1. Say the cut-off is 26 Å between C-alpha atoms; which of Lys76/Lys135; Lys18/Lys70; Lys15/Lys135 go over it?
2. Would you mind classifying the chain by shape? Square roots of the alpha carbon gyration tensor eigenvalues, ordered a ≥ b ≥ c; an a/c under 1.5 is rounded, otherwise it is prolate if a/b is larger than b/c and oblate if not.
3. Per the helix-only calculation at 222 nm, which mean residue ellipticity applies to the chain, given -39500 (n - 2.57) for every DSSP H run of n ≥ 4 and division by its residues, nearest 500 deg cm²/dmol?
4. Using a Förster radius of 45 Å, what is the FRET efficiency between Met174 and Asp107 based on their Cβ-Cβ separation? Nearest 0.05, please.
5. Between Lys186 and Glu204, what length comes free when the chain is fully extended (0.36 nm per residue of separation minus the Cα-Cα distance, one decimal in nm)?
6. Starting from the Cα-Cα distance between Ile308 and Asp227, subtract it from 0.36 nm times their residue separation and give me the gain in nm to one decimal.
7. So which GluC sites (Glu not before Pro) in region 99-168 are both in a DSSP loop and have at most 12 other Cβ atoms within 10 Å of their Cβ?
8. Placing +1 on the Cβ of each Lys and Arg and -1 on the Cβ of each Asp and Glu in region 181-254, which of Leu181, Ala194, Phe222 has its Cα farthest towards the positive end of the resulting dipole?
Amino acid sequence: VNPSLDLFQEIERLKKEKNAILLAHYYQEPDIQDVADYIGDSLGLAQQAAKTDADIIVFAGVHFMAETAKILNPNKKVLLPDLKAGCSLADSAPAELFRRFKEKYPDHLVVSYINCSAEIKALSDIICTSGNAEKIIESIPEDQPIIFAPDKNLGGYLNRKTGRNMVLWNGACMVHEIFSLEKIMKLKMRNPKAKLVAHPECEEAILRISDFIGSTTQLLKFVVKDDAQEYIVATETGILHQMQQDAPTKTLIPAPPNNSCACNDCPHMKLNTLEKLYLCMEYETPEIHMDEKLRLASLRPIERMLDISR
Ligand code: 13P
Ligand code: SF4
């Protein structure tokens, strides 16, 4: 890319010229969030993708998110700046293993977290996100046994919250499993007024000492509205950009990881850069393509989720 190009201006120009909408997740780098038409959590992004009348959806997020947008929009072009932007949680549930796992529980309904492949979605009855998971579970009759996949931490949290005993697939997110309980406790002792806010993909021990648990959008809203001045934030660091903009007077401390060489950045989310975003909009590639049979099978449980979340 010519270094003299103003990428912000170029991206704005391409959006107009191509009637493209740019959807970005809160874990994207700040520059990408600033140029996006909509920034949101997985639920908000899926809802935006379902209702847009743009010709092209440019998805600044990871593969399962862009794939969900394509499932909802077979006739639109869906672009992802880097096709390698995957998700450790989605990877923790290979479809063939999950199919065999599901066979062991023929009476169970399958609720899958949106962080999974289209193949897993096609094996599911309803999809949920962290923003609507409780509502989705509560919409299912209490005596109906459930398999929850792929995140065991979110599943465990939902079991405790709803009193269910869902069978959990043993998957997890590499970013949310990295936080150190000991270091967070010490940080809380040094900052006794700071509240701990955590994403439900975090491990149980972290969730148990949290003051608030929610999706990225819910964490953001909580920090903006709540009356404390300091927060320890246990999720990917990308959310801090919008939190700091919306709550400029508050002190936000990223929750410390257990290994000082590690960081709370999602390596998949951070594969997208402003430069790759510009190139993908200019050349309309890489594009998400889907087999129509798989698309239809994975659409059904997503539509059920969207209906319940209205
Ligand atoms: P939400 O933004 O829906 O809370 O999801 C978090 C996440 O890990 C996305 O990959
Ligand atoms: Fe997947 Fe975790 Fe990255 Fe989200 S933060 S995309 S769940 S690896």
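1. Lys76/Lys135; Lys15/Lys135
2. Taking the square roots of the gyration eigenvalues as a ≥ b ≥ c, the chain is oblate.
3. -12000 deg cm²/dmol
4. Details: r = 33 Å, r/R0 = 0.72.
That gives a FRET efficiency of 0.90.
5. 4.7 nm
6. On the way: separation 81, 0.36 × 81 = 29.16 nm, distance 3.15 nm.
Between Ile308 and Asp227, full extension yields an extra 26.0 nm.
7. Glu142
8. Of Leu181, Ala194, Phe222, it is Ala194.
Here, each number is a calculation from the coordinates, and none is a lab measurement. Keep in mind that what you see is a predicted model, and the values were worked out from it rather than measured. As a convention, Cβ positions derive from the backbone with ideal geometry for all residues, glycine included, and neighbour counts pool all protein chains shown.
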